[in-house]
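Contents: one structure, followed by commentary.
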Amino acid sequence: MNVKDMHGGHLCYPLPQERMAGYGLFCSTMTIKCFATNTSVRFCMSNLLYRIPTCGYAKKVAAKGKGKGMVKDVLKGPEVCKDPVKLTSHAVGVNIFKQGDDPALKPPEEYPEWLFRLQLGPPKNIHELESDSHEYWKVLRKEHMLRFNRLHKGKKL
């Protein structure tokens, strides 16, 4: 009886011809040794499985740093201020220096009037703008470029 047939074909893998005979002899010797010593079949098979040469690669070691397969460090953002008194009295997040505090807000009279006329909402539609203004032509050019790019997406010019 062949060792490969006895174990359902899972023990002995196909090898090159010059190594096949030696490996078959090794498998059969180990099986006979297990049966001769009256060792349980389960222990015998588990012992043989550790000695079977298998094709595989070594496990990659996860290391920190840059590159493929490396563990990336998670960056944390700045802490969010939730103090209502500080939010109403200071410009939180405006300080660009490592040291120092956020600047205090001044009364509205000390700021220029154009600051309060800035449009902070969504951009105006092209139909809401006057046709002779600079903003109208800027929006028209942007819409034309977006339309052109959408129409020619995937096409070679």
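The values are calculated or read from the model by the stated rules, or taken from the named source; none is laboratory data. Only a predicted model underlies this, so the values are computations on that prediction, with no experimental measurement involved. Heads up: the accessible areas ignore ligands, DNA and RNA and are worked out on the full protein's heavy atoms, side chains in. Shrake-Rupley method; radii C 1.70, N 1.55, O 1.52, S 1.80 Å.
Would you confirm whether or not the stretch 100-109 contains a residue that is over 26 Å from Pro78 (Cα atoms) and open to solvent by 100 Å² or more (accessible area, probe 1.4 Å)? Reasoning before the result, please.
Start the filter on the stretch 100-109 by keeping residues that are over 26 Å from Pro78 (Cα atoms), which leaves 107-109.
Still in the list and also open to solvent by 100 Å² or more (accessible area, probe 1.4 Å): 109.
Checked against the condition, which is being over 26 Å from Pro78 (Cα atoms) and open to solvent by 100 Å² or more (accessible area, probe 1.4 Å), the stretch 100-109 yields at least one hit.
Taking the stretch 117-144 as the region of interest, how many residues are open to solvent by 80 Å² or more (accessible area, probe 1.4 Å) and outside any loop (DSSP other than H, G, I, E, B)?
11
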